[in-house]
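The values are calculated or read from the model by the stated rules, or taken from the named source; none is laboratory data. Fair warning: this is a prediction, and the values are worked out from it, not measured in the lab. Positions of Cβ are generated from backbone atoms using ideal geometry, with glycine treated the same way; all protein chains shown enter the neighbour counts.
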Amino acid sequence: MRIVLLGLPGAGKGTQAALLAATAGLPHIATGTIFRMAVAAETALGSQVRLILERGALVPDQLTIAIVRERLVQADCRNGFVLDGFPRTLAQGEALDSILADSGVALYRAVYLEISEERAVARLAGRRTCTHCGATYHVQADPPERGNLCRRCGHPVVQRADDAEDVQRSRIAAYRRDTVPLLGYYQQRGILLSVDGDRPSGEVAADLIRLLADAAGGGGADDRG
């Protein structure tokens with residue numbers, strides 16, 4: 001299966017992608033992971049990414065697409081993958097189709113994790129991160145020890161600058177502008193599934209697996225995935 005996860009920042013894409021990949025025995029491919037692997041491998045593309053990241057800049061579309069192509073042709077992706085963080089734009093979605101078509105396959109399903117903007121902001125703005133070991137908490141769902149101390153190592157737990165509410169609303173605005181058009185793109189092809197993401201992660205994962213199993217049994221567009 002070749003699957004893409006879509007959803008607002010804070011919808012739980014990373015969590016669900018990891019759970020689904022582990023259940024299906026497929027690689028979980030996140031954009032950040034792709035970049036780190038390319039840099040560590042010291043490929044020509046990885047060297048370009050390293051220089052961009054060292055400047056604190058965003059990796060441009062064409063280089064991102066090239067890095068994804070380099071990753072998806074590796075042997076562990078032969079039977080499928082779960083993509084998280086790519087595509088982010090319609091142009092990237094079309095590029096992904098082209099990458100897969102070159103190998104004679106197609107995307108199986110795009111899964112949209114539905115969650116309200118307010119809920120997404122609450123999830124991310126409430127996140128706290130340990131300054132020492134990187135452990136993450138949530139002020140409501142999973143608070144740290146008293147005094148905002150990490151339960152794992154005892155160091156201070158803080159809100160990262162990129163988790164602040166104004167930053168999250170800016171990310172959500174960019175998502176609605178750049179990524180929402182992908183929903184229509186995949187809906188027209190008959191491969192879009194929607195899942196209520198505003199529930200405990202285990203419930204979402206079980207529902208997602210059930211929907212994918214139902215889709216596999218019922219057939220449909222692009223079942224080459």
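Assorted remarks:
- Selected residue [surrounded by fewer than 14 Cβ atoms within 10 Å (Cβ to Cβ) and at pLDDT 90 or above] from 98, 170: 98
- Enumeration of residues in the range 73-120 that are farther than 16 Å from residue 5 by Cα and in contact with a strand residue (DSSP E or B) (Cβ under 7 Å, 6 or more places away or on another chain): 100, 105
- Each residue in the range 159-198 was checked for being outside any helix (DSSP H, G or I) and either touching a Gly at 6+ places or on another chain (Cβ under 6 Å) or touching a residue at least 24 places away in the same chain (Cβ under 8 Å) (or both), and 14 pass.
- Filtered by the rule that a residue be surrounded by 12 or more Cβ atoms within 10 Å (Cβ to Cβ), hydrophobic (A, V, I, L, M, F, W, C), assigned to a helix (DSSP H, G or I) and free of Cβ contacts under 8 Å to residues at least 60 places away in the same chain, the range 45-90 gives 45, 49, 52, 53, 63, 65, 66, 67, 68, 72, 77.
- With respect to the conditions (1) within 19 Å of residue 14 (Cα to Cα); (2) out of contact with any Lys or Arg (no Cβ under 9 Å at 6 or more places or on another chain), residue 129 falls short on a single one, namely (2).
- In summary, residue 22 fulfils each of the numbered conditions (1) surrounded by 19 or more Cβ atoms within 10 Å (Cβ to Cβ); (2) within 29 Å of residue 128 (Cβ to Cβ); (3) of a type outside the set (Lys, Arg) with the single exception of condition (1).
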